[in-house]
């Protein structure tokens, strides 16, 4: 379940909150699912149905590098994203809605917020796995492939 694909309408318009929540609620009613993304406005829905939460708690340089490289690849390849949207140079580098600016502005605040949220989660209902590097993530994926 790709939350960005549910959230973004054509021309980078965000889906209305009530509609977004209904669609996410419907998606997580399946017996088995994996959610890609974490929107605070649907966290209650997703986390209440989840059995495992995996947080890619990567360092700031890794997150910035990945956001920048992914954005540049999407700009030059003209990759179609959600609802026909495409990343552009002006949106990525010159806009107040820049994903890169968002990463720079929110990384440290979000990291503190997630650490606090995870302290308050019942570990009986939700298994939490925090991966702190791409290498650690690759090892985990490798382990899953062998189990």
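Every number in this text was worked out from the coordinates using simple rules, so none of it is lab data. Remember, predicted model here, so these are calculated numbers, not experimental data. As a convention, Cβ positions derive from the backbone with ideal geometry for all residues, glycine included, and neighbour counts pool all protein chains shown.
Helix 99-119 versus the longest principal axis of the chain: what angle, 0 to 90°, nearest 10, using Cα atoms?
The answer is roughly 10 degrees.
With each label point set 7 Å from Cα along the Cα-Cβ vector, what nm distance links residue 22 and residue 48?
Label-label distance for residue 22 and residue 48, simple model: 1.7 nm.
Given the Cα atoms of the chain, and with Rh set as the inverse mean 1/r over their pairs in the Kirkwood sense, what is Rg to Rh to two decimals? Before the final figure, lay out the partial values.
Working: Rg = 16.5 Å, Rh = 17.1 Å.
With Rg and the Kirkwood Rh in hand, the quotient comes to 0.96.
Using the Cα gyration tensor of segment 37-89, with a ≥ b ≥ c the square roots of its eigenvalues, what is the shape: rounded (a/c below 1.5), prolate (a/b larger than b/c) or oblate (neither)?
oblate
Given the DSSP H assignment, sum -39500 (n - 2.57) over each helix run of at least 4 residues in the chain and divide by its residue total; what's the result at 222 nm in deg cm²/dmol, nearest 500?
Computed mean residue ellipticity for the chain: -16500 deg cm²/dmol.
Counting DSSP beta bridges in the chain, what percent are antiparallel, to the nearest 5?
If I count the DSSP bridges inside the chain, around 25 percent turn out antiparallel.
On a 0 to 90° scale, report how tilted helix 17-27 is relative to the longest principal axis of the chain, with both axes built from alpha carbons and the result rounded to the nearest 10.
Taking Cα atoms only, the helix is inclined about 50 degrees.
How many angstrom lie between the Cα centre of segment 65-121 and the Cα centre of segment 1-61?
15 Å
Take the alpha carbon gyration tensor of segment 1-80, find the square roots of its eigenvalues, order them as a ≥ b ≥ c, and report rounded if a/c is under 1.5; if not, report prolate when a/b exceeds b/c, else oblate. Before the final figure, lay out each step's value.
Values: a/c = 2.29, a/b = 1.36, b/c = 1.68.
Judged from the Cα gyration tensor, segment 1-80 comes out oblate (a/c at least 1.5, b/c at or above a/b).
Below 8 Å between Cα atoms, with a sequence gap of 6+, how large is the relative contact order for the chain in percent?
Value for the chain: 30 percent.
For residue 106 and residue 38 in the same chain, what is the full-extension length gain: residue separation times 0.36 nm, less their Cα-Cα distance, in nm?
23.1 nm
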